[in-house]
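> One structure follows; several queries about it will come next.
The values are calculated or read from the model by the stated rules, or taken from the named source; none is laboratory data. In this text, all values refer to a predicted model and were calculated from it rather than measured experimentally. Cβ atoms come from the backbone with ideal geometry, glycine included; neighbour counts cover every protein chain shown. Side chains are part of the model used for accessible areas, which takes the heavy atoms of the whole protein and leaves out ligands, DNA and RNA. Shrake-Rupley method; radii C 1.70, N 1.55, O 1.52, S 1.80 Å.
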Amino acid sequence: MAPDQLKELFDGQEETALRWRTSSAAERVARIKRLLAAIRGCREELLQAAAADFNRPAAEVRLTELVSVTHEAKLAIRKTASWMRPRHRAPTLVGFGTSAAVRPEPRGRSLLISPWNYPYSLSFGPLISALAAGCPVVLKPSEITPHHSRAISRIVREVFPPEEVVVVEGDATVAEALCELPFDHIFFTGSTAIGKRVMASAARNLSSVTLELGGKSPVVVDSSADLDQAAKVIMAAKFINNGQTCIAPDHLYVEESVREVFIERCLSWLRQTYGHTAEQQKASPNLARVVSERHTARLAALLEEAIGAGATVLAGGTVDREAHFIAPTLLANVPSNVAMMREEIFGPILPIIGYTSLETVIAGILAAPKPLALYVWTRRAAVADRVVSATSSGGACINHCLIQFAHGNVPFGGVNASGVGSAHGPWGFAAFSHERAVITSRIMIADKLLPPYTRLKQRLIGWLER
């Protein structure tokens, strides 16, 4: 789509943005209900699109995407009215004689740029937040998953006219052109590298941003952990969506005294879940594919470099580029200077690192950019508290993985390199809202402190100062 056409779509939402500023909770909720009904009505089409783009199992799509979208919508339907209410604040001493309130108001025209790995939850989830906040939206899904994008576009066209919500398909140049427009808010989900470019574009228009990025999310397993449970949950969290999850475990620290036992539990789970051989795994109905040939080649290069530098293959290692297949792979003895130990892996490869000192693990986490997620498996509260307190991450789980995305009553987002701002529930509503302070004077006393500054006024100022 040409830049002038994008500008026309953007301009076409100006009147809607002004009109929606005074929209009622009932009107906003009605829009969300219509969207949810359309999503449910197109369920089979959505599942078929996921299978067509990268062989995602239907149950996995339902669990990780459709469930989260449904819960996000239902929460917004229940809570939008309360989120919209002004929050009254008591006056301070200086503000004596006034009443104060914080009124959430829509930021206005918003741009959503969603990724390819979870197209439904990461498109419809922020869209629901924007609708709850009263913002019209231009939605740009990823061109890498065209079947997903077409399904999303059809649902939006069914529910909204383009002056309210419109889907724009196209490649990265379209996203770049959209980012040049003076949107009131930009919500981007994707890589840290692209997030920096989005933020730079937004800065030119002073657009506010929410950036959901990624990072090398570490997992720590100490000797007290429930090894069976840890192995099962960590393996599932890593290999769901074939490792193409922004909060997936990226590398795993295991205390040396239980490392061999833990690895065997992991291998057992992989064999039971996906099969004993690469051919069985390739035929597994539970394993998605790598999304494209380019992404497969990138992961294959990471794997080849690590093995060439001395890494030990504990499981997997098989690559079929034409089929976009990489077997679920566990590695040991991965040198710290190879690319997969510096870059987010974002695929079905998991380095396992033994440790004897927890402080060494903490130092390694602190030496890297702040990740989107941190996972600690331990029965020792002091260990969990030490790791969480000494480090920083967008979110953290103790004896669990991935659950922070599905939990509707906590914010989801990154910190610094892993993101800016938060989403989900009231935090998603807040992302698309401006908190406006409105102060009403009831009793005017400030004029007693205005110039000229007599001796009495100076004494009053001194009293306030103290």
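> Please determine, by comparing only the residues of segment 157-166 that are under 15 Å from Asp11 (Cβ atoms) and among the acidic types (Asp, Glu), which one is surrounded by the fewest Cβ atoms within 10 Å (Cβ to Cβ).
Top of the filtered list is Glu163.
> Looking only at residues in segment 278-300 that are touching a residue at least 60 places away in the same chain (Cβ under 8 Å) and in contact with a Pro (Cβ under 7 Å, 6 or more places away or on another chain), which one is most open to solvent (accessible area, probe 1.4 Å)?
Within segment 278-300, the match that is most open to solvent (accessible area, probe 1.4 Å) is Pro285.
> When only residues in segment 63-108 that are closer than 23 Å to Ile186 by Cβ and hydroxyl-bearing (Ser, Thr, Tyr) count, which is most open to solvent (accessible area, probe 1.4 Å)?
It comes out as Ser68.
> Given the criteria in a helix (DSSP H, G or I), open to solvent by 90 Å² or more (accessible area, probe 1.4 Å), in contact with a helix residue (DSSP H, G or I) (Cβ under 6 Å, 6 or more places away or on another chain) and in contact (Cβ under 8 Å) with a residue 12 or more places away in the chain, does Arg34 qualify? Give the steps one after another, and end with the answer.
Values: in a helix (DSSP H, G or I): yes; open to solvent by 90 Å² or more (accessible area, probe 1.4 Å): yes; in contact with a helix residue (DSSP H, G or I) (Cβ under 6 Å, 6 or more places away or on another chain): yes; in contact (Cβ under 8 Å) with a residue 12 or more places away in the chain: yes.
So Arg34 fits the description; yes.
> Of the numbered conditions (1) under 20 Å from the mean Cα position of the chain (by Cα); (2) under 30 Å from Ala236 (Cβ atoms), Ala132 fails exactly one; give the number of that condition.
Status for Ala132: all satisfied but (2).
> A further question on this structure: Got a sec? Which strands (runs of 3 or more DSSP E) wholly within segment 147-238 have at least 1 residues that are in contact with a His (Cβ under 8 Å, 6 or more places away or on another chain)?
208-212, 218-221
> Hey, another quick one. Residue check, Phe160 against (1) more than 16 Å from the chain's Cα centre (by Cα); (2) closer than 24 Å to Gly413 by Cα, all met but one. Which one?
That leaves (2) as the condition not met.
> Somewhere in segment 454-463, is a residue of a type in the set (Ser, Thr, Tyr) and more than 13 Å from the chain's Cα centre (by Cα)?
For segment 454-463, residues of a type in the set (Ser, Thr, Tyr) and more than 13 Å from the chain's Cα centre (by Cα): present.
> Another one. In segment 429-443, what residues are surrounded by 11 or more Cβ atoms within 10 Å (Cβ to Cβ) and of a type outside the set (Lys, Arg)?
Scanning segment 429-443 gives Phe429, Ala430, Ala431, Phe432, Ser433, His434, Val438, Ile439, Ser441.
> To continue, here is another question. For segment 72-92, does any single residue satisfy the condition of being of a type in the set (S, T, N, Q), over 27 Å from the mean Cα position of the chain (by Cα) and closer than 28 Å to Trp427 by Cα? So that I can check it myself, show each step before the final result.
Applying the first criterion (of a type in the set (S, T, N, Q)) to segment 72-92 yields 80, 82, 92.
Next cut, over 27 Å from the mean Cα position of the chain (by Cα) only: 92.
Still in the list and also closer than 28 Å to Trp427 by Cα: 92.
Yes.
> Select, from Val198, Val221, the only residue that is over 29 Å from Ala363 (Cα atoms), open to solvent by less than 20 Å² (accessible area, probe 1.4 Å) and not basic (Lys, Arg). Show your work before the answer.
Values: Val221 fails: over 29 Å from Ala363 (Cα atoms).
Of the residues listed, the single one that is over 29 Å from Ala363 (Cα atoms), open to solvent by less than 20 Å² (accessible area, probe 1.4 Å) and not basic (Lys, Arg) is Val198.
> Let me ask you something else. Residues in segment 367-389 that are out of contact with any Ser or Thr (no Cβ under 6 Å at 6 or more places or on another chain) and not basic (Lys, Arg): how many?
Total satisfying the criteria: 13.
> Out of Leu303, Leu350, Leu358, I need the residue that is open to solvent by less than 10 Å² (accessible area, probe 1.4 Å), over 25 Å from the mean Cα position of the chain (by Cα) and at pLDDT 95 or above. Which one?
On the way: Leu350 fails: over 25 Å from the mean Cα position of the chain (by Cα); Leu358 fails: open to solvent by less than 10 Å² (accessible area, probe 1.4 Å).
Testing whether each residue is open to solvent by less than 10 Å² (accessible area, probe 1.4 Å), over 25 Å from the mean Cα position of the chain (by Cα) and at pLDDT 95 or above leaves just Leu303.
> Then there is this: Is there any pair with a first residue in segment 64-87 that is at negative phi and a second that is of a type in the set (Asp, Glu) and at pLDDT 95 or above whose Cβ atoms are under 9 Å apart and which are 6 or more apart or on different chains, and what are they?
Going by the 9 Å Cβ cut-off, the qualifying pairs are Arg87/Glu435.
> Pick from segment 1-26 the residues that are in contact with a Gly (Cβ under 7 Å, 6 or more places away or on another chain) and open to solvent by 90 Å² or more (accessible area, probe 1.4 Å): which of them is modelled with the lowest pLDDT?
Met1
> Name the helices (runs of 4 or more DSSP H) wholly inside segment 360-466 in which the number of residues that are under 30 Å from Gly95 (Cβ atoms) is 3 or more.
425-431, 455-465
> Of the residues Val415, Val338, Val383, which is free of Cβ contacts under 8 Å to residues at least 40 places away in the same chain, out of contact with any Leu (no Cβ under 6 Å at 6 or more places or on another chain), of a type in the set (A, V, I, L, M) and at negative phi? Talk me through it step by step, then tell me what you get.
On the way: Val415 fails: free of Cβ contacts under 8 Å to residues at least 40 places away in the same chain; Val383 fails: free of Cβ contacts under 8 Å to residues at least 40 places away in the same chain.
From the options Val415, Val338, Val383, the qualifying one is Val338.
> So if I check each of Glu176, Glu169, Glu180, which one is at pLDDT 95 or above, over 22 Å from the mean Cα position of the chain (by Cα), surrounded by fewer than 21 Cβ atoms within 10 Å (Cβ to Cβ) and among the acidic types (Asp, Glu)?
After ruling out the rest, the residue left standing is Glu180.
> Okay, next question. From the residues in segment 396-412 that are more than 18 Å from Ala230 (Cα to Cα) and not aromatic (Phe, Trp, Tyr), which one is most open to solvent (accessible area, probe 1.4 Å)?
Asn409
> Further question on the same structure: Looking only at segment 38-58, filter to residues that are of a type in the set (A, V, I, L, M), touching a residue at least 12 places away in the same chain (Cβ under 8 Å) and surrounded by fewer than 19 Cβ atoms within 10 Å (Cβ to Cβ); which one of those is nearest to Pro348 (Cα to Cα)?
The extreme case among them is Ala52.
> Contact list please: Cβ distance under 9 Å, first residue in segment 323-335 and open to solvent by 30 Å² or more (accessible area, probe 1.4 Å), second residue of a type in the set (D, E, K, R), pairs at least six apart or on different chains.
Correct list of pairs: Ala323/Lys282; Ala323/Arg289; His324/Arg289; His324/Glu293.
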